[in-house]
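Below is one structure, written out as structure tokens; comments come after it.
The values are calculated or read from the model by the stated rules, or taken from the named source; none is laboratory data. No experiment lies behind these values; they were computed from the predicted model shown. Using ideal geometry, Cβ is built from the backbone for each residue, glycine included, and neighbour counts are taken over all protein chains shown. Ligands, DNA and RNA are stripped out before the accessible areas are found, and what is left, the full protein with its side chains, is counted by its heavy atoms. Shrake-Rupley method; radii C 1.70, N 1.55, O 1.52, S 1.80 Å.
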Amino acid sequence: MAEVLKGGQTICMALLKPGWESDYEGTPAVHEVACVGRVVQHQHLPDDRYNIMLHGEMKVAIDGMEREYPYRVARVRPLTEDLAWADGPRIQEQLTDLLTLFRKVNQGQGAAIELAQVFGAHMSAEAILNSVAMNLNVEPIVKQRLLDMERTELRYRAVIEYLRDSASTQDVIDRVRHLYPEDRRQN
């Protein structure tokens, strides 16, 4: 991390493949599709770890490793995506639906509050979609499948379907919550 911060401040982030636990100290396999991000904020912790915030710059394919130790240096190539969805006639309506559902599903949770401050006119439709996808409360492999999609329209459909399902579940919970108050004396 110190070298990243001294240099161009970009880092490639890849999800470890299942089974990584048995080789964590070694070089466990990673998924081939990853992201390159620029460090926009960092905090060096007392135990020599870092908390970092990245701004995603590009989606990449990992073609191999240049070196493995003391850390991996990957050989990557940029991947292009079909961005036609972002130019569609209903894009503003779709983004509004996406953000409304995301806020509803994450109501009162940190992710919804933080992203509400980030989203604005300066962000592209693709950046908003990818930010929402990255902040879904799903297993990492689900996020990897979203990243692997070559068309943003498919990613949008998958994310909006997940959010609608989650919102429906939340609606059911809200409708029956009064039947199960925390104070059992009211039941």
Quiz item: Which residue fluctuates the most in the chain, going by a Gaussian network model with Cα springs under 10 Å, if the choices are ILE141, ILE173, ILE11?
Solution: ILE173
Self-check item: GNM result for the chain, Cα springs below 10 Å: residue of ALA29, ALA14, ALA125 fluctuating most strongly
Solution: ALA29
Quiz prompt | Cα gyration tensor category, rounded, prolate or oblate, for the chain with a/c compared to 1.5 | solution = prolate
Exercise. Can you tell me the relative contact order of region 1-68? Whole percent, Cα pairs under 8 Å, sequence separation 6 or more.
Key: 28 percent
Quiz item: In the chain, which longest range has no trypsin sites (Lys or Arg not before Pro) that are both DSSP loop (not H, G, I, E or B) and surrounded by at most 12 other Cβ atoms within 10 Å?
Solution: 91-187
Exercise. Express in Å², to the nearest 10, the accessible area of LEU147 obtained by rolling a 1.4 Å probe over the protein heavy atoms while all chains stay in place.
Key: 40 Å²
Quiz item: Where Lys and Arg each count +1 and Asp and Glu each count -1, what net charge lies around TYR162 among other residues with Cβ under 14 Å from its Cβ?
Solution: +2
Quiz item: GNM, the chain, Cα, under 10 Å: largest mean-square fluctuation among MET65, MET13, MET149?
Solution: MET65
Exercise. Report the chymotrypsin sites (Phe, Trp or Tyr not before Pro) located in region 50-87 that are in a DSSP loop and have at most 15 other Cβ atoms inside 10 Å of their Cβ, or state none.
Key: TYR71
Quiz item: Span-like helices, the chain: DSSP H, alpha-carbon axial extent 15 Å or more, mean Kyte-Doolittle -1.0 or greater, which ones?
Solution: 91-105, 152-176
Quiz prompt | Computed over the chain: relative contact order in percent, which uses C-alpha pairs under 8 Å that are six or more apart | solution = 15 percent
